[in-house]
Every structure is written in structure tokens, then in C-alpha cells.
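Worksheet: the structure to be examined is printed underneath.
The values are calculated or read from the model by the stated rules, or taken from the named source; none is laboratory data. What you are looking at is a predicted structure, and each value in this text was computed from that prediction instead of being measured. Cβ coordinates were reconstructed from backbone atoms using ideal geometry, including for glycine residues, and neighbour counts include every protein chain displayed. In case anyone asks, the SASA skips ligands and DNA or RNA and just uses the protein heavy atoms, side chains included. Shrake-Rupley method; radii C 1.70, N 1.55, O 1.52, S 1.80 Å.
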Amino acid sequence: MGWSNTSRRQFLQTTGAAAATFTVAGCLGLGGGGGGDSTIQYLSDRGDSKDVIDDIISEFEDESDYEVEVTYTSKGTSTDAQLQKMKAAGNPPDVVFDTSADAYRYQRDGDAAPVNDTIEGSGLPDPVNVDGDSYFVPTMVEPLMGWYRNDLYDENPTTWETWQSEAQRISENEGLEGYVVQSGQTNNADTSMTQYLWQNDVNIYAGPSDDIEVTIDQGDNEQRAIETYQWVDQMSEYAPNGSGWEWGDAIGALQQENAAAIMSVGGLPVLTIQEARPDLVENLSPTAFPLPDGRSQDKWWAYMEGHVVWDGGDSTDGAKEFVKFFSESERFMDFVLSAPLFQFPPTEEGLNSDAVKDNEVIQQHQDAMDLVRDNWDAFTTVLATGDDGAPNIVAADAYGQQVFGQSTDQMVVGDLSPEETVSWVADELRALQE
């Protein structure tokens, strides 16, 4: 499995942007901590898993000389803005829960500390390995996944051609659009367009980490990229206007029965829709992204998230101890399964563990779990797009600016031809290298 990763931000659109800070007291029950080397500042966007995280922290504090102060950002928002605030205030975090692409940026900028002791011998993936040092500790993976109405689609369409004909049939006869095409400067649009290109064996980049070349408009890649944009353009005829849509918008279209199929991430759609429309969940089936006839599933975008130790904090050594303890904690799988179907363990051993097999939510959606298991070896991330899966900072930066989501908008909304769109995106990617 060619693990690396990139940023996935704002899975759900929610209100409220302020960060809430929770201080987890040490074994004596004293709040606050004394700062300095004895207090570890931990920044995370996983407030939904607060109970489990707090338990792990309490166990760590009982066995160490450190206290941990956690800043949880609001649900659905990234840690980026809060990280900048903490840095500006002269109080950077010691540990950040983030993505491997962000970890690679931090390492590039001299802000990440090695975590070799945690990775070595752990069996965990090592996506951010630079000159023999590891800079990221994965805790979970989140693969892209589509969901479609099994009461409207006779079967999983699978191929580009069948998806197009079925989406057209549903749009013309069922009173809702057959598919959702996201476009614009959003994460959902960017991941989708990148995956569509991968489905048609488009090699967007080539070269080692220190000499990445943009190849989307070169040789056979150019024609395959044009074909891909042509198909997306055709599918947009059977879709609502998805310009600027994020994950929550597409899920809302499915929930409100405005669309019959969406491409999203893991089981997030069913977990979200279950709360308001449990009746509709029975009519939803998981799917991989559409493939051109004759192509195979070679690369499947899966986000990877976990811990980065910040090299500019006040308690770097303590932070290293904490991330190692976290990954080895007896509550680690409880943390991963605090959002089952959305978060998956970072190792195949964890995926096949009793904790996963016995999880009630997962048992209710074995078709989604089978899809993940059957395609585990295809999972990769946008960071691993240099030669032989080498980390690719151009790809990570392109995702950070949602270049591919913007390219879809240039075509679907801005009326560029597929040929012009490929030229546009190639120019944008090369501009990132300057």
C-alpha cells in the first residue's frame, strides 16, 4: 500500500468557528498545568472523539511527568487557523492532529520533529520519511467512496458508459438528478476530479521528490485527461449545480432526494443521513468511483490523518512520548471506531481486528466494509504521486489550493473545452513549482 496523504478539510459544513480549549488534569486532578516543559499543548479537530481522547490523555498523565492541554477546533473546521493563532501568540502546539501532506509541509519548513521511536517496529505506515527520518504517525485512513440509490439504479453502474446512461435515465424519469458533479475551490471537488483522472490512468506527475515533473498534458496522459474531462462534462448534464459544494452539500442533496448518487468519503453520507432519514439509508449502496470500460482500480485516494510533533513547541520530548503512548494505547481502536465507516485503522491488521468485526455500525454495512477490504492494496494518497510513490509536495500544494476542483469549475461553469481545461490545469500546476 503506497501510503502518504494530503489535507482533507471541512468534511461537514457547520456553524461556529471558535476553538474550544479543554484542559485535562493530571493524576492529582489539578487543572491548568504549569506550562513550560511539563505541559504538552495538543491541537486537534477531533472533538467528536473527546471522551476517548481524554481517557487516553488521563492514562498518559498517570504514567508520565507531563500534563496535556487540548485545544479542539470546532466541528467541521480545520486546525490551520488555530495553529496560526497559537504560533502568532508565541505558544505553538507540541502535537498537531493533521494529515501527512501537512506533516510533509511542516518538515519542509523545518517545523516537524522526527518520530522514529514511534514508527520503527510498529507496523504503521511511514508516509513522511525524509532521509531516513519519520515525521508523521498515522492513526486512521479515510478512503473516498460513492453512494447511490439502489432503488433507482438497477445495479451498481461501475463503468463510465453505464453511469452516464443510468444518470440520464434517472434525471429524465425519476424527478431528481442522477448524479452529483462537484466543482470549484473545495476539497470534495478536488478529490473527485483527481480520482476521475486516476480512474483513466492519467499520470499527473512524474519524477523523484526533489524533481517533480507535471505530465498531465504530455504524451498519452493528455488524451486520457481530455477524455476524463469530457466524461465529467457530460455527467454534469444530469447533475445539480455543484459549484462550490463541499462534503455536506453533496450529502444534503442525497438526503433531500435532489440527487441519486454522490461521490464522498467513506461512510460519512450514511452516518450523516442516518440521523434524519434512517428510512433512506436502506436505499443507499456503496460504490467505487466510475471506471472507463476496460480499466482497473489501480489507485484509490484515501486520506491519512494522525499526529505531527511540532519542532517549535516547548515540550517536544514530551510530545514524542505522548504520540507513541497514544498509538500503543488500549483505547486506540476505540478512538478509530468513534466514527466507524468514516475512519478506518491505518493497518490491515487493525482492519481485520475483532474490534472492527464486532462493531455494530460496521456490521450493518458489510457491503461498505467489503469494498474497503477488497481494495485495500489500491489505497494511496495524493502525496504519494512521485516516482514509486515518492512524496510529492507539488501535489500536496495543488490539493491545498484545490487546483483540480477549480479546473472542473473552469469547464462546467466557465465553459472551457476539455482540451482547454487540461492546458489550464497544467499551467496552474507548473506555477506551483515556481
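Here's the yes/no breakdown for (1) farther than 19 Å from VAL382 by Cα; (2) part of a helix (DSSP H, G or I); (3) open to solvent by less than 10 Å² (accessible area, probe 1.4 Å):
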site: TRP163; (1), (2), (3): yes, yes, yes
site: THR194; (1), (2), (3): no, yes, yes
site: TRP245; (1), (2), (3): yes, no, no
site: GLU257; (1), (2), (3): yes, no, no
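Summed over segment 232-249, residues that are within 24 Å of the chain's Cα centre (by Cα) and aromatic (Phe, Trp, Tyr) total 2.
I need the full set of residues from segment 116-153 which are open to solvent by 50 Å² or more (accessible area, probe 1.4 Å), among the hydroxyl-bearing types (Ser, Thr, Tyr) and modelled with pLDDT of 95 or more, in order please. Within segment 116-153, no residue meets the criteria.
Scanning segment 379-388 for residues that are within 18 Å of LEU144 (Cβ to Cβ) and either open to solvent by 10 Å² or more (accessible area, probe 1.4 Å) or of a type in the set (A, V, I, L, M) (or both) yields a count of 5. Return yes when GLU420 is in a helix (DSSP H, G or I), free of Cβ contacts under 8 Å to residues at least 40 places away in the same chain and open to solvent by 10 Å² or more (accessible area, probe 1.4 Å) and no when it is not. Judged against the criteria, GLU420 is a match. Pairs linking a residue in segment 172-185 that is open to solvent by 80 Å² or more (accessible area, probe 1.4 Å) to a residue that is among the aromatic types (Phe, Trp, Tyr), with Cβ atoms under 9 Å and 6 or more positions apart or on different chains, are GLU172/TYR238. Evaluated against (1) part of a helix (DSSP H, G or I); (2) open to solvent by less than 40 Å² (accessible area, probe 1.4 Å), ASP279 falls short on exactly one condition, (2). When the test is whether a residue is surrounded by 24 or more Cβ atoms within 10 Å (Cβ to Cβ) and either assigned by TED's automatic domain parsing to the domain that holds ALA103 or within 24 Å of THR191 (Cα to Cα) (or both), PHE332 does not pass it. Restricting attention to segment 54-93, the residues that are at pLDDT 95 or above, touching a Ser or Thr at 6+ places or on another chain (Cβ under 7 Å) and open to solvent by less than 10 Å² (accessible area, probe 1.4 Å) add up to 1. Mind counting the residues in segment 342-351 that are part of a loop (DSSP other than H, G, I, E, B) and touching a helix residue (DSSP H, G or I) at 6+ places or on another chain (Cβ under 6 Å)? Matching residues across segment 342-351 total 2.
Condition first: among the small types (Gly, Ala, Ser), in the same structural domain as GLY146 (by TED's automatic domain parsing), farther than 21 Å from MET193 by Cα and modelled with pLDDT under 95. Can you find one or more residues in segment 262-280 that meet it? The answer is yes; a qualifying residue exists.
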